[in-house]
Amino acid sequence: MLEVGMKHSVELVVDKSKTAAAAGSGGLEVFGTPYMIALMECTCKELAQKELDDSQGTVGISISTNHKAATPMGMKVTCEAELVEIDRSRLVFNVVCSDELDVIGEGQHQRFIIDNEKFLAGVNAKIDKAKNK
């Protein structure tokens with residue numbers, strides 16, 4: 001059961017594939033903002049998924065964050081998420097990313113709990129609608 005106050009963390013080591021240069025969001029080989037955001041979303045998703053039925057999942061609906069310090073390749077980054085609000089199917093998380101020396105980013109992420117089959121049926125209906133346009 002999901003409860004406010006639950007926490008989860010995920011770690012990664014920055015390699016060439018997770019740099020701003022690799023993402024095209026910058027030209028330097030430092031931890032890229034798109035990868036920090038993906039790490040934040042992943043951490044929140046994993047926190048929620050542990051408590052959901054196999055037929056359920058979550059989808060990200062918003063993220064507000066800052067990336068305030070650069071992290072070089074080879075350094076570990078840890079993201080910690082805390083579930084701070086549950087409003088029916090809407091989950092709100094506070095997230096903080098830190099490297100081995102600094103807090104590098106923080107923000108808030110929201111996700112909705114979904115029924116996987118119903119969600120995919122809606123996506124597939126959109127594909128069919130586009131084909132018949």
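Extension gain, Thr78 to Ser25: 0.36 nm times the residue separation minus the Cα-Cα distance gives 17.0 nm.
Name the residues of segment 111-133 whose amide N is less than 16 Å from a point 7 angstrom out from the Cα of Val59 along the C-beta direction? What the label zone holds, given the 16 Å backbone N cut-off, is 111-130. With respect to the chain, whose longest principal axis is taken over its alpha-carbon atoms, helix 116-131 is tilted by about 80°. On segment 6-132, 51 percent of the accessible area sits on carbon and sulfur atoms, based on a 1.4 Å probe. Segment 82-133 and segment 1-45 have Cα centres spaced 14 Å apart. Considering segment 39-117 at the alpha-carbon level, its Rg and Dmax are found to be 13.7, 43 Å.
Extents of the chain, taken as max minus min of Cα coordinates on every principal axis and listed largest first, are 46, 41, 22 Å. Cross-link partners of Lys133 among aspartates and glutamates, defined as those whose alpha carbon lies under 20 angstrom from its own and excluding same-chain residues fewer than eight positions apart, are absent.
Each 10 Å bin from zero holds the following percent of Cα-Cα pairs in segment 85-133: 21, 25, 25, 20, 8, 1. Label separation (Val123 vs Gln108): 2.7 nm, computed from points 7 Å beyond Cα along the C-beta direction. The residues of the chain have, on average, 58 Å² of accessible surface per residue, using a 1.4 Å probe with all protein chains present.
Amide H contacts under 5 Å for Thr19: Gly32, restricted to partners 5 or more places along the chain or on a different chain, H placed in the peptide plane at 1.01 Å from N.
The values are calculated or read from the model by the stated rules, or taken from the named source; none is laboratory data. Small disclaimer: the values here were computed from a predicted structure and weren't measured. Neighbour counts are summed over all protein chains in view; Cβ atoms, including those assigned to glycine, are modelled from backbone coordinates with ideal geometry. The protein model used for the area step is the full one, side chains on, heavy atoms only, and it has no ligands, DNA or RNA in it. Shrake-Rupley method; radii C 1.70, N 1.55, O 1.52, S 1.80 Å.
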